[in-house]
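Peer 1: Before I ask anything, here is the structure I am working with.
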Amino acid sequence: MGFFNAFISKGSSKDVAKDRLRTILVHDRTNVYPQYMDMLKNDIVKAISDYAEIDPQDVEIKIDNASRSSNTSMPELVANVPIKRMKNIGK
Amino acid sequence: MGTVYVVTSGKGGVGKTTATANIGTGLALAGNKVALLDADIGLRNLDVVMGLENRIVYDIVDVVRGECRLRQALIKDKRFDSLFLLPAAQTKDKTAVKPEQMQKLCNELKEEFDFIIVDCPAGIEQGFKNAISGADRAIVVTTPEMSAVRDADRIIGLLEANDLRDAYLIINRIRMDMVKRNDMLSIDDMLDFLAVTLLGVVPDDEKIVISTNRGEPAVTDDKSMAGKAYKNITRRLLGEDVPFMDLSVDDGFFGKLKRLFGMGAK
């Protein structure tokens, strides 16, 4: 981006479109919708909280590798869960 | 033995009928025997884009019902002797032709024509399923809009599920000035999402409106950018290796100034 563009562009609408479209296509292809992802996230947070101290705000879950036809590759559920402290269990 | 291409998109209004008319005319222009088949029953329009609306006597439904012979229903084009149109019925609905009937019809046409181009209705319901059932390969048309790309993705999935793999993609109505400003999805963005073979890129061109007004496909107009793009598309369908057109825009005084100072975005 050049000097002149710095005055004109403030976050491009194309990048917004790309991000939104990426999410939409993943959901279309896997038949998984945002609400369902929220439910899944809540359950994951609940399960992990028994073992570790985590902040639900920090948890990220998404589906990667969603292709149109199910026989070429499998979608992956990717969860990023930062742990603050492990709980002492079974001691 | 001819090849049947179905032109489809999912979303309406992206330019399927215009693409069908231009590809068919382009193939005829190159000396091939071509039949255009309007499968958008109830909403026929290919006849209008081709400028043949006053010549319709019989239509596709008459043919499959045996009310006339195929030869009687085929309308010869005004300009090209090797180009024919089988119009859709306007009074019936999208279920008037069954998939088996469409297959039989396409097979019959393949005996006589080099190329059969089927104009598919918008949507993913029965009309779509009927239209694709005789096809050997699909050409998916999209525009650089989120909704059109989303629907194209859906359609490509449905085509694959119906054994129509390796669909070709036409990106229609691109505006390189907007792509350059980062306000429109680029060709590469769309190919990343859709992961299919690019058949051509057609620039947004007001000459398309003018040529449709006249009932003369833009591919016959050497001055039209969109027409040139369609000519390239037909050459690629004929197996030629044609480089993609340079659609970059003249960015005027400031662009030149920026380039002069080495600040151009390229």
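Peer 1: Under 19 Å Cα to Cα from A:Lys87, which lysines show up? Leave out anything in the same chain fewer than 8 places away.
Peer 2: The reachable lysines, counting only those whose Cα sits under 19 Å from A:Lys87, are A:Lys46.
Peer 1: Put +1 on the Cβ of each Lys and Arg and -1 on the Cβ of each Asp and Glu in chain B; which of B:Leu52, B:Ser248, B:Tyr168 then has its Cα farthest toward the positive end of the dipole?
Peer 2: Farthest towards the positive end: B:Ser248.
Peer 1: If the cut-off is a Cα-Cα distance under 19 Å, which aspartates and glutamates reach A:Lys18, setting aside same-chain residues fewer than 8 apart in sequence?
Peer 2: A:Asp28, A:Asp64, B:Glu145, B:Asp151, B:Asp153, B:Asp177, B:Asp183, B:Asp188, B:Asp189, B:Asp192
Peer 1: Continuing with this model, one more query. Report, as a whole number in µm² per second, the diffusion coefficient that Stokes-Einstein gives for the protein assembly as shown at 25 °C and 0.890 mPa s using the Kirkwood radius over alpha carbon pairs.
Peer 2: 107
Peer 1: Here's a follow-up. Packing-wise, with mean Cβ within 10 Å as the measure, how do B:186-198, B:10-22, B:109-121, B:74-86 rank, highest first?
Peer 2: Result, highest mean Cβ count within 10 Å first: B:10-22, B:109-121, B:74-86, B:186-198.
Peer 1: Still on this structure, I have one more. Using the structure shown, select from B:Lys11/B:Lys231; B:Lys78/B:Lys223; B:Lys94/B:Lys231; B:Lys94/B:Lys223 the pairs with a Cα to Cα distance greater than 29 angstrom.
Peer 2: B:Lys94/B:Lys231; B:Lys94/B:Lys223
Peer 1: Straight-line reach from B:Lys76: which lysines have Cα under 16 Å away, leaving out those fewer than 8 places along the same chain?
Peer 2: B:Lys33
Peer 1: For segment B:88-139 and segment B:1-51, what is the centre-to-centre distance using only Cα atoms, to the nearest Å?
Peer 2: Using only Cα atoms, the two centres lie 11 Å from each other.
Peer 1: Quick check on chain B: helices-only [θ] at 222 nm, where DSSP H runs of length 4 and up contribute -39,500 (n - 2.57) each and the sum goes over total residues. Nearest 500, please.
Peer 2: Working: 12 runs with 109 residues, N = 266.
Per the formula, -11500 deg cm²/dmol.
Peer 1: About the Cα centre, and with charges only on the beta carbon of Lys, Arg (+1) and Asp, Glu (-1), how big is the dipole of chain B? Nearest 20 debye, please.
Peer 2: Using only the charged Cβ atoms, the result is roughly 340 debye.
Peer 1: Under unit Cβ charges (Lys, Arg +1; Asp, Glu -1), what dipole magnitude, rounded to 20 debye, does segment B:12-80 have relative to its Cα centre?
Peer 2: Value, rounded to 20: 280 debye.
Values in this text are rule-based calculations from the coordinates and carry no lab data. Predicted, not measured: the structure shown is a model, and the values here were computed from it. Here the Cβ is made from the backbone with ideal geometry for all residues, glycine too, and neighbour counts use every protein chain on show.
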